[in-house]
1. Can Leu172 be described as assigned to a loop (DSSP other than H, G, I, E, B), within 18 Å of the chain's Cα centre (by Cα) and surrounded by 18 or more Cβ atoms within 10 Å (Cβ to Cβ)?
2. Taking the stretch 173-223 only, how many residues are touching an Asp or Glu at 6+ places or on another chain (Cβ under 8 Å), among the hydrophobic types (A, V, I, L, M, F, W, C) and modelled with pLDDT under 95?
3. If you take the residues of the stretch 213-227 that are aromatic (Phe, Trp, Tyr) and in contact (Cβ under 8 Å) with a residue 40 or more places away in the chain, which of them is nearest to Lys124 (Cα to Cα)?
4. Of all residues being among the β-branched types (Val, Ile, Thr) and in contact with a helix residue (DSSP H, G or I) (Cβ under 6 Å, 6 or more places away or on another chain) in the stretch 17-36, which is nearest to Glu102 (Cα to Cα)? Just the residue, please.
5. Here are the criteria: (1) among the polar types (S, T, N, Q); (2) modelled with pLDDT of 95 or more; (3) out of contact with any strand residue (DSSP E or B) (no Cβ under 6 Å at 6 or more places or on another chain); (4) within 30 Å of Lys194 (Cα to Cα). Tell me which single one Thr76 does not satisfy.
6. Among (1) in a loop (DSSP other than H, G, I, E, B); (2) surrounded by fewer than 18 Cβ atoms within 10 Å (Cβ to Cβ), which single condition is Ala136 missing?
7. Since Leu23 meets every condition but one in (1) crowded, with 21+ Cβ neighbours inside 10 Å; (2) part of a helix (DSSP H, G or I); (3) more than 15 Å from the chain's Cα centre (by Cα), which condition does it not meet?
8. Kindly list the number of the only condition in (1) in a loop (DSSP other than H, G, I, E, B); (2) surrounded by fewer than 20 Cβ atoms within 10 Å (Cβ to Cβ) that fails for Arg183.
Amino acid sequence: MNKPKFSVIIPAHNEEDYIGRCLRAVISASKYVKPDTVEIIVVANRCTDNTCKIAEHYGAKVLKNDSKCIAAIRNTGVKAATGDIVVTIDADSLMTKYSLAEIKEMLESGKYIGGGTNLKFERKSVGIACSALYIAFNLLPVMIKNGGYLSGAMFWFYKRDFEAVNGFDENLISLEDMDFAVRLKKLGLRKGKKYGTLKRSYVLTSSRKFDEFGDWYLIKNRKLTKRIFTGKDRQAADSFYYDVR
């Protein structure tokens, strides 16, 4: 078998309701590059359901990392990747069908160090829209400091550049994605390349956090939100991410 061109990394904690459709979306997108050049790595985190079984059914390689640190979970997958182009996406999200083809096109143009993707929620409401604006407002100082908008949702980059920036920072409990984007962009500037955002493709993500907590939860609980945005508050991160049942 040829060396995989792409490695798609999917962190997953008890995702039996979502992982199948996430994997089907990756498989669909692989048809627009060479399907046999795409490997899928699911990093199972403290799974007690059928996540691993479903992932294996779709041909994904399953690794385990039981830490309560999404940066470490992502790093486990990327370090095991054999592809030279790496894509990270959450298990409750769907890449659109031309995503991998567009990523390949942008990276091979030589203009981009890598980048992120715009995000759309499966469900819309006034509360979700206002929450998204509130999150953007909290991230505004970081964006201004680092030269403007930095997309996330689904990161894409060459593995060699992931290694050059030392991956996701495992000292951060949250906001590791924004930190990674900032460091990847800085590496790009040193190499004369841009941090990109996919133009034709996007990520469709579940609204399950809003379904569970309420569409206005982040705004009604602004103190908790601000604690999450420090990136270092274990209790806040556990209550919203890692210990939610």
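The values are calculated or read from the model by the stated rules, or taken from the named source; none is laboratory data. None of the values given here were measured: they were computed from a predicted structure. Neighbour counts are summed over all protein chains in view; Cβ atoms, including those assigned to glycine, are modelled from backbone coordinates with ideal geometry.
1. Judged against the criteria, Leu172 is a match.
2. Qualifying residue count, the stretch 173-223: 1.
3. Trp216
4. It comes out as Val33.
5. Every listed condition holds for Thr76 apart from (3).
6. (1)
7. Every listed condition holds for Leu23 apart from (3).
8. (1)
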